[in-house]
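In what follows, a single structure is set out as structure tokens and then discussed.
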Amino acid sequence: MEATVANVLLTFLAVTAVGIIMLRDLLAAVILLGAYSLIAAGAFVVMDAVDVAFTEAAVGSGISTILFLGALSFTRHDQKPRPNHSWMALFLAVAAGGLLIYGTLDMPYYGSATSAAQTNPGLAVRFLEESGSEVGPPNIVTSVLASYRGYDTLGETMVVFAAGIAVLSILGLKRRRPGENAPLDAPGDKTTTLVVNSSADDGSIASPNEMKRYPRQRHRVLQVVTKLVIPFVLMFGLYVQFHGDYGPGGGFQAGVIFASGFILYGLIFGLQKTRAIMPPSALRILMCLGLLLYCGTGLLTMVLGGNLLDYNVLAHDALHGQHWGIFTVELGVGITVTGVMISLFYNFASKRSL
Amino acid sequence: MEKIAGLYSYWIVVVLMMAGLYIMIARYNLTKKIIGLGLFQTSIFYLYITMGKVAGGTAPILIDGEQPVYSNPVPHVLILTAIVVGVATSAVALALIVRIYEEYGTVEEDEIKAIEAAEPEA
Amino acid sequence: MNVQIPALLILVPFTAAPLCVLFRHAVASWVIAFCANFFSFFAACVVLSHVRSEGVIRYKVGGWMAPAGIEYYIDTLNAAVLVLVSGISLIVLVYSYHTTKKEVSLSKHHLFYAAWLMCLTGLMGIAITGDAFNVFVFLEVSSLATYMLISFGKDRRALTATFRYLIMGSVGASFILIGIGFLYAATGTLNMIDLAERIPDSESQRAVLVAFSFICIGVMIKAAIFPLHAWLPNAYTYAPTAVTAFLSGTATKVSLYVLLRFFFSIFGFEFSFGQMLLTGVLLPAAIVGFLLMSLVAVFQTDLRRMLAYSSVAQLGYIVAGIALASQAGLTAGIVHIVNHALVKSALFMSVGCIIYQIGHAHRPSFDNLFKRMPFTCIAFIISGFGLIGVPLTVGFISKFALIEASLEQNYWWLAVLILVSSLMALVYVARVAEVMLFRKSRQETPESSGMSEAPMSMLVPMYLLIAIGLYFGINGSATLSLAGEAASQLLSGFTMELSQQ
Amino acid sequence: MFVAATIALLITMALTLWRALVGPTQFDRLLAVNSFGTKTVLLIAVYGFLTGRPDFLDIALVYALINFLGTIAVLKFFEQDDLGSGQYQEDDY
């Protein structure tokens, strides 16, 4: 049953991928990419990777979609018609794919319990058998992520931080409205692309004229619902942050969820109001503080006489030390990710409102 | 036959990867390239997770008092990192696309090349 | 030596990056960056001397034993790469103080130096680690920082150059990720030493082979080895001048180090060159690379683009040395990694001085430049000699070693081709020198008459780098013995005995 | 029981996915993806009971949240072509 469900989802993935290649409308491709991530995340649950599913759902279909939409709102969202194939690209892709398939031929089969990866006493077996007594948290992924391979996670946090400040430096500060300095065809009527596919049968909802006729809806229901939902979202973010030891979740996922509360607010009430609640300078401090908390934990372990990120020295009892170490480190990740994600949203959404 | 059943998931994943790679190379639209990159990376995540699955296993979160078969947690950890890296790269790429559009007025690769070719050397 | 120095080497610049952003002050962030970089350089020197006197360092991050946790594995090669990267970064950082003021808007200085520190951290992180997946993580740290640094370029083409680099870089990184995945499936481990032990016994040899191919291609894209160099010329041409000088001396060199580590230490000499016939693939690529790219460089009028193509050509020499797969060839390759980094950074710094004063680096407008900027021109010409391989420069040492290595295997034609390519280098350097020194200005424009030498804070670090180059050019045995040591360690695989934990 | 539910869900997922692929309007796609998300939430819940570890319902919660967020974002994009505009704020609550 497991394998069947996994394979069905995999087939869905393949169909969606074909759709993404075929569609010329970028907006549709982005919506489908969101669906693609959702399916992938569903499949990850079926394949027991609950933490990965958690992250992929939050990032792949949440944050990514919003970033893409933000970028599309600056640029035009239809791909120009072109000759639809490139033999060179096809050849490269097929060559790489052929090589990969050749490589899989003597790989362990799906679900094999005797493969090298599953039986290595140094890694998988050790984590499964010892992590409970060496590190503590029942969620082995958390133990490995924050303790055994905590150094990787340090690098990962820096990658998030780097993306945050890179987008800040590329997009931030002074903004120009798109089209103001556009040498080629300026995007005059972007709304037309909305109805690209709806021309024949039922363009009834989407015609640009009609959209212009009702430009500003009041959306009272949305506003009320959002205000009701946001506290729960933030609460859920905190739960994911602090429950990551026992169930799926952790700093990264919590940061994304926490940020999505603010993003939701920004979508409904506008960027200006959101910025009044969470000013960009506060975000900059958050980003830095989270990373510094992580680095600081590393420094503290060294000051106390251990190696870098050796949490055992943080308390008299090794398990307590691990607990504190993982707690601080995950908190650092959560803070940085919250800051970076909200900051990304600000940068991609600030078209007209600044 | 057993081979096909056992390796089916890997093969589909490879096909997905190549679809992503193809979009990245063949499409002129810069945004579409990044969509392709997303597709490509998600497929790699899938490849890793497929490796970690143990038939009849359960998620690697310890259950008190029981000794079930757990799936391999190592690929999960690696992919958590890779997902983060992936979204970070896309964010930077999209920011670049926005700036490119502001500067050139287009996000089609060949049009940008034409504009650049017409410009004198810096 | 304090046990914690290898970890501090990474952690200090790592911590300094968010500090720069936090303080958001242009000068303060430069000072923070300088101090952190200086510490790293000092620590790297300590590590190098320790490794050479007492052997390999293995440092357990998190206190976990190797395959479960991540460890640092430092032998002569990585220690040398660490010193090289942090040293060049330090010198260029001093130099960058003025150019950054001119090229980057003041409100973004803190972001610029934070990105610089992250790039440095990423590169050193790649060089120091003993874990295959960790290489990927730090590769991405350095890549993202590099994209950001290049996008600071003033010209709008910097944006498209960055985008192209980002696409190719992401494909490269994804290939590395696929390769590591296959390695994990075949062996069940990520630690480099553990991998080296398990690969020969793996039941999935085809998976190992695919992993090898994908990692190779991925790293070669990052290292800009011909024919996968397409991102490099534009990126180097449109990046801020200091960034070009920094990256040309460090980023591709670290990628080459990764290549060496995977070829020799992890997959092993037998597998790479016996089974995979790497010589047959790498040597033609290297030869076509250095001949073609030198030829392309001759026809460039923009100095930075010319030097960028020349970089790809010079990488060809290094790859040729590796492809010879002998102690002598490998030594020549490693020496050239160091020497080329010194020479090319100095060259880009001198071009940066010209850009600082004139605003561009377009060769035909260098009429009579020597009168106005004598020190810069001298620096360019001396470093240019290094590029050609004139005796008493570092370039001579490594080219001589390379020719010796190819003659050792009776590849006399390779030696001839190297000489031909050097002649082309002579042509492109001489064309620039000719305009600088001898061509008289047709008319004295008002803007050119007021021009003078670049500020001291740019000249001093540049001449410091040139002096280091000359020192190693005259005292060639210093680098040669270091490289020889590194080469023999590479050829003999991982050393197990620990000098400390 | 749960097996039947799983199969039924997979079939409905296939149907909504088909609608998402063929369109024809963007609103069809958006609705299809939105209901596809809902089906995924259900699938995860049902699958949790099927395999005996229902404690992963957290993930279903995230899906529901993100699905909502994504739909709102796309709708805002449809309506205003801009994610950050504050045109709703005149109607201040």
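Since every read-out is calculated from the coordinates, none of them should be taken as a lab result. Every value quoted in this text rests on a predicted model; they were computed, and no experiment measured them. Here the Cβ positions follow ideal geometry from the backbone for every residue, glycine too, while neighbour counts run over all protein chains shown.
DSSP bridge analysis restricted to the protein assembly as shown gives an antiparallel fraction near 85%, rounded to the nearest 5.
Per residue of the protein assembly as shown, what 222 nm ellipticity follows from adding -39500 (n - 2.57) for every DSSP H run with n ≥ 4, rounded to the nearest 500? Let's see the in-between values first.
Working: 42 runs with 765 residues, N = 1070.
The helix contribution divided over the protein assembly as shown gives -24500 deg cm²/dmol.
For the pair C:Cys35 and C:Leu295, the difference between a 0.36 nm per residue extended length and the Cα-Cα distance amounts to 89.4 nm.
So, counting K/R as plus one and D/E as minus one, what does the shell of residues with Cβ under 13 Å around C:Val47 add up to? Before the final figure, lay out the partial values.
Values: positive: C:Arg52, C:Arg58; negative: C:Glu54, C:Asp75.
Value of the local net charge: 0.
Between the helical axis of C:374-388 and the longest alpha-carbon principal axis of chain C there is an angle of about 40 degrees. Placing dummy labels 7 Å off each Cα toward the beta-carbon, the span from A:Ser133 to A:Leu238 is 3.7 nm. Relative to the dominant Cα principal axis of chain C, helix C:5-23 is inclined by about 50°.
Order these peptides, D:79-85, B:32-38, by their mean beta-carbon neighbour count within 10 angstrom, highest first.
Details: D:79-85: 21.3, B:32-38: 26.0.
Ranking the peptides D:79-85, B:32-38 by packing returns B:32-38, D:79-85.
Legend: calculated FRET efficiency, D:Thr12 to B:Ile4, from the Cβ-Cβ distance at R0 = 22 Å, rounded to 0.05, equals 0.20. For the peptide A:267-279, the mean number of other protein chain Cβ atoms found within 10 angstrom of a residue's Cβ is 4.
Set against the 2.2 N^0.38 Å expectation for a compact globular protein, the stretch A:1-78 has a Cα radius of gyration ratio of 1.18. For the pair C:Val3 and C:Gln409, label points projected 7 Å from Cα toward Cβ lie 4.3 nm apart.
By the Cα gyration tensor, chain C has an equivalent ellipsoid whose semi-axes, rounded to whole angstrom, run 35, 26, 20 from largest to smallest. The label-point distance for C:Glu434 and C:Lys102, in a model that sets each label 7 Å from Cα toward Cβ, rounds to 2.8 nm. Chain B has equivalent-ellipsoid semi-axes of 42, 18, 8 Å, by the square roots of 5 times the alpha carbon gyration tensor eigenvalues, sorted largest first. Shielding by partners for peptide C:106-112, expressed as the average number of C-beta atoms from other protein chains within 10 Å of each residue's C-beta, is 3. Beyond 25 Å between alpha-carbons counts as too far, so tell me which of A:Lys273/B:Lys33; B:Lys33/B:Lys113; A:Lys273/B:Lys32; A:Lys80/B:Lys33; B:Lys113/C:Lys154; C:Lys344/C:Lys399 fall in that bin. Table pairs above 25 Å Cα-Cα are A:Lys273/B:Lys33; A:Lys273/B:Lys32.
Can you give the FRET efficiency to the nearest 0.05 for C:Ser488 and A:Val221, using r as the Cβ-Cβ distance and R₀ = 60 Å? The partial results should precede the final answer.
Values: r = 74 Å, r/R0 = 1.24.
Efficiency, from the Cβ-Cβ distance: 0.20.
Over the C-alpha atoms of the stretch D:2-81, the Rg to Rh ratio, Rh being the Kirkwood estimate, stands at 1.06.
Between B:Glu103, B:Glu66, B:Glu111, the GNM of chain B built on Cα springs shorter than 10 angstrom shows B:Glu66 fluctuating the most.
Computed over the alpha carbons of the protein assembly as shown, Rg followed by Dmax gives 28.1, 92 Å.
Within 10 Å of each Cβ in peptide C:421-431, how many partner chain Cβ atoms are there on average? Round it to a whole number, please.
Numbers: counts 0, 0, 0, 0, 0, 0, 0, 0, 0, 0, 0.
Partner-chain Cβ atoms within 10 Å, mean over residues of C:421-431: 0.
Sorting the segments A:268-277, C:301-310 by their mean number of nearby beta carbons within 10 angstrom, highest to lowest, gives C:301-310, A:268-277.
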